[in-house]
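Notes for the one structure printed next.
The values are calculated or read from the model by the stated rules, or taken from the named source; none is laboratory data. It should be emphasised that the depicted structure is a prediction, and the values quoted were computed from it without experimental measurement. No Cβ is skipped: glycine too gets one built from the backbone with ideal geometry, and neighbour counts run over all protein chains shown.
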């Protein structure tokens, strides 16, 4: 973590201590009960986690993207759901900092920095998946504002967020299609309903919901940046942050799985010796550690490019692709190391195995990441 300043290393260390002392002792019970972690979220607010992307004059302690990624990894090492609870919030904060009008920034960012207001993104639609330009959610001009109709799905923190960055069409006839897309800063109110919580394999405790917009009214000044038609480009920039964040989540889950496997392999004996001394188990540990180290470097590389203002859509895609696939394999190998215990809900490795697939399909599937990477390789003339 040499890319971090001394102050930022302290920030990561504070979150690591929080995870070890306050998260890991309670996570199994909370996760299996699918209980929203009110107390842990409150502590994250106190620690300033929700303000990590909010600079002065609206916030107090913004950090670099590499630091943010490492904080995310630490939270996910404790419980991936906690990292999810602040992921979309941070993307929306960065969107407001980069594109918001002064009025939008002053209204939202100070309260987002403290966690008083929590934000989420609404991109995916029930029939759309990764094809965002094919969305059917439309905001039609009506007097001084908009009337919104449509549906979104897989919206994290949908019930508990106060601000929703809604990707929608303000000009359904625009060609090319992306020129008709805007981001509306929507609040809960009449015409917006959270229709249901989605049942999930993992990612417990934090709700993921379907949103229904039926005659929902938004004021004219709700368009991010105040100008229609810029939402697709704005959100693509936001997704660079999102993909680095998801990659960091995967890194944290993989780290937790490896830590548990390494500890268990030293404690568990078979045939008169610790099982790590058996070549088959030792090889698993060696490969797990090597892949995780490579994933960490990819995440930091993408984060550093973002921080220095360089284009990083390909690099963020690479980090997300490799880190998520690594987390999935490391989680499975951790179960192999644990043997029968790895299949038991009395051990945490089964949770890592259920949480890991989300990072493969979330924030653009890995198949989409490969497409992004291939297109950028051709456009850039190969690797730099």
Query raised in the report: Looking at the stretch 253-261, is at least one residue in contact with a strand residue (DSSP E or B) (Cβ under 6 Å, 6 or more places away or on another chain) and either crowded, with 21+ Cβ neighbours inside 10 Å or not assigned by TED's automatic domain parsing to the domain that holds residue 156 (or both)?
Result: no
Report task. Return a yes/no flag: does the stretch 10-17 have any residue that is farther than 23 Å from residue 65 by Cβ and modelled with pLDDT of 95 or more. Result -> no
**Report entry** Search result, residues across the stretch 50-83 that are assigned to a loop (DSSP other than H, G, I, E, B) and in contact with a helix residue (DSSP H, G or I) (Cβ under 8 Å, 6 or more places away or on another chain)
**Finding:** 52, 53, 54, 55, 58, 59, 60, 61, 62, 63, 64, 79
Requested in this report: Kindly list the number of the only condition in (1) free of Cβ contacts under 8 Å to residues at least 24 places away in the same chain; (2) under 19 Å from the mean Cα position of the chain (by Cα) that fails for residue 107.
Outcome: (2)
Report summary line: When residue 79 is run through (1) modelled with pLDDT of 95 or more; (2) more than 20 Å from residue 200 (Cβ to Cβ), the failure sits at (2)
Report task. Inspect all residues belonging to the stretch 312-324 and state whether any of them is under 20 Å from residue 67 (Cα atoms), outside any helix (DSSP H, G or I) and under 17 Å from the mean Cα position of the chain (by Cα). Result -> yes
Query raised in the report: Which condition breaks for residue 181 when tested against (1) in the same structural domain as residue 145 (by TED's automatic domain parsing); (2) surrounded by fewer than 24 Cβ atoms within 10 Å (Cβ to Cβ)?
Result: (2)
Report task. Specify which of the listed residues (6, 61) is under 24 Å from residue 299 (Cβ atoms) and touching a residue at least 12 places away in the same chain (Cβ under 8 Å). Result -> 61
Query raised in the report: Assuming residue 152 fulfils every condition listed in (1) in contact with a helix residue (DSSP H, G or I) (Cβ under 7 Å, 6 or more places away or on another chain); (2) surrounded by 23 or more Cβ atoms within 10 Å (Cβ to Cβ); (3) over 21 Å from residue 107 (Cβ atoms) apart from one, which condition is it?
Result: (1)
Query raised in the report: Taking the stretch 31-62, which residues are farther than 16 Å from residue 111 by Cα and buried (at least 20 other Cβ atoms within 10 Å of the Cβ)?
Result: 31, 37, 40
